[in-house]
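Presented below is the structure to which this report refers.
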Amino acid sequence: MCFKLVSGPSPNLWLGQFDIFPKEIFVHGISTRHGGVSGQPWSSLNLGLHVGDKAEDVIENRQLFCSSLGINGEKAVTCQQVHGEQIARVTAEKRGAGFRDIADAVPETDALITNEPDVPLMLFFADCTPILLADPVRRAVGLAHGGWKGTLRSIAAKTVAAMQREFGCRPENMLAAIGPSIGSCCYQVGSEVAAQFEAAFPGFASQILLKEADNIRLDLQRANTLQLQEAGLRASNIAASHVCTACNNSQFFSYRADKGKTGRIAAIIGVK
Ligand SMILES: [Zn+2]
């Protein structure tokens, strides 16, 4: 099993972990909705500051989640995710960006990369796809937010390219994990969205668009996996969680299953 939930040190705080990232070099985790202090409808480990929850509860939740991984949350770098394709390289100077106030987060960015130790990257999700990247040779990490718009714009492949350009990473050395997101079981899309994917990915559109009568469903995890392979990653170095946030709404926040009023899980990855 490449992805599993493990219990954290504090009561009822469960974490998603992949076994693909060597623990001696990297720290990483995916939060669940359990183990925090937020009330309904954000109960209880909401990590998003932008969803109407009390800021002090979100900050306490972020500290609980980060400390369960042995991370000082005040060092984490976050960004103002806008379903775009901007990628920012961050350094120790950016530690704490957006941790207490979204106004300080890296603006209008949907992927972060760093090769500095102890600069954990943290992004937030409720159905969109978390893409975690690590290069054990160059000791660099990346984290991307792939909703349908980011996936259509190949944000995963562009983040790989940015790590090549900035850090000299080689795709064949890179490791990737794809966190819980809305699964093809639950993600119906319109014909206009489907047509954009068919135009952008003629080589593998048939593998990511599942068509039955008038119903078209999109497989975001598969689309990102195939993009990473096209970017040069080995198939054996890509671990997809195959977890659907809507089907597993008792564990994860899901924008669709919770009808828009919900919290955010986080994905975090850093170089130790
Ligand atoms: Zn599902």
Could you tell me which of the residues Val51, Val37 is under 18 Å from the mean Cα position of the chain (by Cα) and in a loop (DSSP other than H, G, I, E, B)? Val51
Considering residues that are touching a residue at least 40 places away in the same chain (Cβ under 8 Å) and touching a strand residue (DSSP E or B) at 6+ places or on another chain (Cβ under 7 Å), the number found within the range 99-115 is 5
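Please specify each residue of the range 239-272 satisfying the condition of being more than 16 Å from the ligand (Cβ to nearest atom), modelled with pLDDT of 95 or more, of a type outside the set (Gly, Ala, Ser) and surrounded by fewer than 22 Cβ atoms within 10 Å (Cβ to Cβ). Show your work before the answer.
From the range 239-272, those more than 16 Å from the ligand (Cβ to nearest atom) are 239, 260-261, 263-264, 266-272; that's our starting set.
This time we only want the ones that are modelled with pLDDT of 95 or more, so: 239, 263-264, 266-272.
Subsequent filtering for residues that are of a type outside the set (Gly, Ala, Ser) retains 264, 268-269, 271-272.
Once the filter is applied, which keeps residues that are more than 16 Å from the ligand (Cβ to nearest atom), modelled with pLDDT of 95 or more, of a type outside the set (Gly, Ala, Ser) and surrounded by fewer than 22 Cβ atoms within 10 Å (Cβ to Cβ), the range 239-272 yields Val271, Lys272.
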Kindly provide the set of residues from the range 77-124 that are assigned to a loop (DSSP other than H, G, I, E, B), under 16 Å from the mean Cα position of the chain (by Cα) and among the hydroxyl-bearing types (Ser, Thr, Tyr), ordered by number. Thr78, Thr109
Counting only residues in the range 58-92 that are surrounded by fewer than 20 Cβ atoms within 10 Å (Cβ to Cβ) and among the charged types (D, E, K, R), the one farthest from Asp258 (Cα to Cα) is identified as Arg89
How many residues does the range 127-171 hold that are surrounded by fewer than 24 Cβ atoms within 10 Å (Cβ to Cβ) and closer than 14 Å to Ala267 by Cβ? 1
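Restricting the range 172-196 to residues that are within 17 Å of Ala231 (Cβ to Cβ) and surrounded by 15 or more Cβ atoms within 10 Å (Cβ to Cβ), which is nearest to the ligand (Cβ to nearest atom)? Steps first, answer last, please.
Looking only at the range 172-196, we keep the residues that are within 17 Å of Ala231 (Cβ to Cβ), and these are 172-178.
Applying the additional criterion that residues be surrounded by 15 or more Cβ atoms within 10 Å (Cβ to Cβ) yields 173-178.
Details: Asn173: 33, Met174: 28, Leu175: 26, Ala176: 22, Ala177: 19, Ile178: 15 Å.
Filtering first and then ranking leaves Ile178.
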Name the single residue that is farthest from the chain's Cα centre (by Cα) among those in the range 135-147 being under 19 Å from Lys94 (Cβ atoms) and assigned to a strand (DSSP E or B). Ala140
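Which of the residues spanning the range 87-98 are touching a helix residue (DSSP H, G or I) at 6+ places or on another chain (Cβ under 9 Å) and closer than 25 Å to Ile178 by Cβ? Spell out how you get there, then give the answer.
Here is the first cut: in the range 87-98, the residues touching a helix residue (DSSP H, G or I) at 6+ places or on another chain (Cβ under 9 Å) are 87-89, 92, 95-98.
The answer is Ile87, Ala88, Arg89, Ala97, Gly98.
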Which numbered condition Glu212 misses (of (1) acidic (Asp, Glu); (2) under 25 Å from Cys2 (Cα atoms); (3) within 16 Å of the ligand (Cβ to nearest atom)): (2)
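The values are calculated or read from the model by the stated rules, or taken from the named source; none is laboratory data. Because the structure is a prediction, the values reported are computed rather than measured. Backbone-built Cβ (ideal geometry, glycine too); neighbour counts: all protein chains shown.
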